[in-house]
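The values are calculated or read from the model by the stated rules, or taken from the named source; none is laboratory data. Fair warning: this is a prediction, and the values are worked out from it, not measured in the lab. Here the Cβ is made from the backbone with ideal geometry for all residues, glycine too, and neighbour counts use every protein chain on show. What goes into the accessible areas is simple: the full protein's heavy atoms, side chains included, and nothing from ligands, DNA or RNA. Shrake-Rupley method; radii C 1.70, N 1.55, O 1.52, S 1.80 Å.
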Amino acid sequence: MTAELLQRVKDFTEAELTGKDEYFDGLPEQPTAEASRLHEAGLANWWIPHRYGGAGLSLEDSVDVVSELSYGDAGFAFGAFLPVLGSIMLQHFGDEELARPALEALAVGGGRVAVLGSEEEAGSELVRTATTFRTKGDQLVLTGEKYFSTNTDAAGLLLVLARSSEDADFAIIAVPRDTPGVEVIKRWDLLGLRSAGTYRVRFDDCAVPAANRLRGSGLRVLEASLNASRILIAACAVGIARRIRDLAMEYATAKPLRGAPLSGNAVFAGKLGQMETSIDVMRNQCRAAAAELDGLLAAADSGGTDLHRVGTLRSALAAKLYCGQAGWDIASTGSELFGGLGYTRDHPIGKLVRDMRYVAIVEGGEDIMRDLIYTRFVVPARKRR
Ligand SMILES: Cc1cc2nc3c(=O)[nH]c(=O)nc-3n(C[C@H](O)[C@H](O)[C@H](O)COP(=O)(O)OP(=O)(O)OC[C@H]3O[C@@H](n4cnc5c(N)ncnc54)[C@H](O)[C@@H]3O)c2cc1C
């Protein structure tokens, strides 16, 4: 990425996000004014390829963009980068007539696309998906309920995982947000990421053209595309951790302990040294996973690698699992470091702890990450390294 673009992201973060913790923590209306200003600054949906009118940044570059945005506010960053999941689905599994206008709209209009997979009884066990589709003439008709979906109310297009009402076929189907029968039931009152909009949504006999179905098995399409958003969720932990580090240094420089600033204390130095090391390893794992995925996506673009076959990447699973754990350790150290002040709403650490928690939960919890790594990369001896 050009240094100039990263500088623009940093400038945006400083001007629009950092220090507005109370506002972002207050469940602001969607889409936020800051999301519109990200678009005005030419930074929304920065990964959309040049041929669709986007800035065409790689995922490896996106790790740094997300680290910057989440330094300011993780909920804002989550809402801004999550459309990468739907974009990859459209670009690699959608027919050109469906994908091109949708991707151009994201690049030019700065809007959002939402992905609706999880249900009340089918979060990690997506084979239990109960939302169905049936064929009616040249249309597909969807019925069901999705428990969690981020960006749905602000999105122009919803990509919905559904199973056939007739057989065991799963599909991802593109449903325009204004399709009759799409109903947002509620917005979740989240513990963290409160500036992102996450909703419960119902589909009641929603009819769309049969051409709105993406190619391939819906479960596999989702799995392959989740690599990108899982890496960027992990990158969010890097940004939150960097903010905790900087707040800790600011506090310790001003806080006297035994006649000297806390920042000169050896115990404090050890904590910050450990934090910095974890941040480096987190960032490196995110970049390595993103570079691997960039290579696969480029090959898939030129008709080479079959993303559908590759499925989930061990590097992406490792990034999400490790960043969730190391990030949580940093948040925990941070929450103790500010003394009593850190246990009040006058200090942002409480929000940062709540924001950090999501890294280990959303798009698969730690047990799921470990289970996937074990079953895909340890049990088959040829996959071990
Ligand atoms: C803020 C937020 C935004 C979200 N946005 C979206 C979105 O845009 N689109 C979308 O589709 N979903 C979204 N989700 C859903 C999210 O991805 C799921 O909640 C998450 O994957 C966890 O799934 P689950 O809630 O079904 O819990 P589960 O994964 O079922 O976990 C429940 C319990 O079961 C245990 N468990 C699960 N699997 C295993 C296993 N293999 N071995 C042992 N124990 C296991 C877990 O450890 C846990 O204790 C969002 C959720 C949140 C909170």
Query raised in the report: Inside segment 86-138, can you point out the residues that are closer than 17 Å to PHE148 by Cα, open to solvent by less than 20 Å² (accessible area, probe 1.4 Å), more than 10 Å from the ligand (Cβ to nearest atom) and of a type in the set (A, V, I, L, M, F, W, C)?
Result: VAL113
Query - Complete set of residues in segment 26-40 that are open to solvent by 30 Å² or more (accessible area, probe 1.4 Å) and within 21 Å of the chain's Cα centre (by Cα) - result: GLY26, LEU27, GLU29, GLN30, PRO31, ALA33, SER36, ARG37, HIS39
Requested in this report: Report whether or not ALA211 is surrounded by 22 or more Cβ atoms within 10 Å (Cβ to Cβ), away from the ligand (no atom under 14 Å from the Cβ) and aliphatic (A, V, I, L, M).
Outcome: no
Requested in this report: With the checklist (1) buried (at least 19 other Cβ atoms within 10 Å of the Cβ); (2) at pLDDT below 95 in hand, flag the one item THR2 doesn't pass.
Outcome: (1)
Query raised in the report: When segment 144-157 is examined, which residues are found to be touching a Ser or Thr at 6+ places or on another chain (Cβ under 6 Å) and surrounded by fewer than 20 Cβ atoms within 10 Å (Cβ to Cβ)?
Result: TYR147, PHE148
Report summary line: Filter segment 158-207 for residues that are on the phi > 0 side of the Ramachandran plot and away from the ligand (no atom under 15 Å from the Cβ); the one that is surrounded by the most Cβ atoms within 10 Å (Cβ to Cβ) is GLY181
Query - Only one of THR375, THR333, THR312 that is part of a loop (DSSP other than H, G, I, E, B) and either within 16 Å of the ligand (Cβ to nearest atom) or among the polar types (S, T, N, Q) (or both) - result: THR312
Report summary line: Among ALA299, ALA318, the single one that is modelled with pLDDT under 95 and either more than 14 Å from the ligand (Cβ to nearest atom) or outside the structural domain of ALA122 (by TED's automatic domain parsing) (or both) is ALA299
